[in-house]
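First up is the structure itself, then whatever we jot down about it.
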Amino acid sequence: MADAASTHWLTRFLFFRLLGLVYVVGFLIVLRQWEPLLGAHGLLPAHEMLERVRESASSGPLAFLQLPTLFWLSDSDAAFRIFGWAGLAGSLVLLAGFANVPLLAGLWFLYMSYGDAGGLFYGY
């Protein structure tokens, strides 16, 4: 009798490739739309929303728990662009078939960070 890993290879192959494709599209959208929508001179600047959350929380850790995002470290346009390119690179690695837990967790947290910092535009 074959073990489970050898019988589900096609499902694993397709699932992780398609998940990588979803992340590629998601990070391409972030790279293309972040600055005009949520950049420093965008329609609803993300740094203003993060500042409001920071002011409403009494400490840094509480702000992170209220709005878990990587962009507490830096909310500059350069940081949004750098992390967007890092997410795109990671999603291309996943699309190529190199799926592992740290990569999947990193991509999830990175995209969740954009979703949380994106407020109205990424809150759907």
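So here's what we get for this one:
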{"read-out": "Residue match in the range 69-82 (condition: out of contact with any Asp or Glu (no Cβ under 6 Å at 6 or more places or on another chain), among the β-branched types (Val, Ile, Thr) and within 16 Å of Met112 (Cα to Cα))", "value": "yes"}
{"read-out": "Residue count, the range 41-59 (criterion: open to solvent by 50 Å² or more (accessible area, probe 1.4 Å) and in a helix (DSSP H, G or I))", "value": "7"}
{"read-out": "Residue in the range 25-40 that is surrounded by 12 or more Cβ atoms within 10 Å (Cβ to Cβ), out of contact with any Phe, Trp or Tyr (no Cβ under 7 Å at 6 or more places or on another chain), outside any helix (DSSP H, G or I) and aliphatic (A, V, I, L, M) present", "value": "yes"}
{"read-out": "Conditions (1) in a helix (DSSP H, G or I); (2) open to solvent by less than 70 Å² (accessible area, probe 1.4 Å); (3) hydroxyl-bearing (Ser, Thr, Tyr): number failed by Ser74", "value": "(1)"}
{"read-out": "Cβ pairs under 8 Å, 6+ apart, first in the range 31-57 and under 15 Å from Leu73 (Cα atoms), second of a type in the set (A, V, I, L, M) and assigned to a helix (DSSP H, G or I)", "value": "Ala46/Leu38; Ala46/Ala117; Met49/Ala117; Leu50/Ala117; Val53/Ala63; Arg54/Ala63"}
{"read-out": "Residues of the range 111-121 that turn out to be in contact (Cβ under 8 Å) with a residue 60 or more places away in the chain and buried (at least 18 other Cβ atoms within 10 Å of the Cβ), as a count", "value": "5"}
{"read-out": "Any pair with Cβ under 7 angstrom, 6 or more apart, that starts in the range 79-102 at a residue that is farther than 20 Å from Arg32 by Cα and ends at one that is among the hydroxyl-bearing types (Ser, Thr, Tyr)", "value": "Leu94/Tyr23"}
{"read-out": "Selection count where residues are touching a helix residue (DSSP H, G or I) at 6+ places or on another chain (Cβ under 7 Å) and either assigned to a helix (DSSP H, G or I) or at pLDDT 95 or above (or both), scope the range 87-108", "value": "11"}
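The values are calculated or read from the model by the stated rules, or taken from the named source; none is laboratory data. The structure displayed is predicted, hence computed values, not measured ones. When we count neighbours, we look across all protein chains shown, and the Cβ atoms used for this are built from the backbone with ideal geometry, even at glycine. With ligands, DNA and RNA removed, areas are computed over all heavy atoms of the protein, side chains included. Shrake-Rupley method; radii C 1.70, N 1.55, O 1.52, S 1.80 Å.
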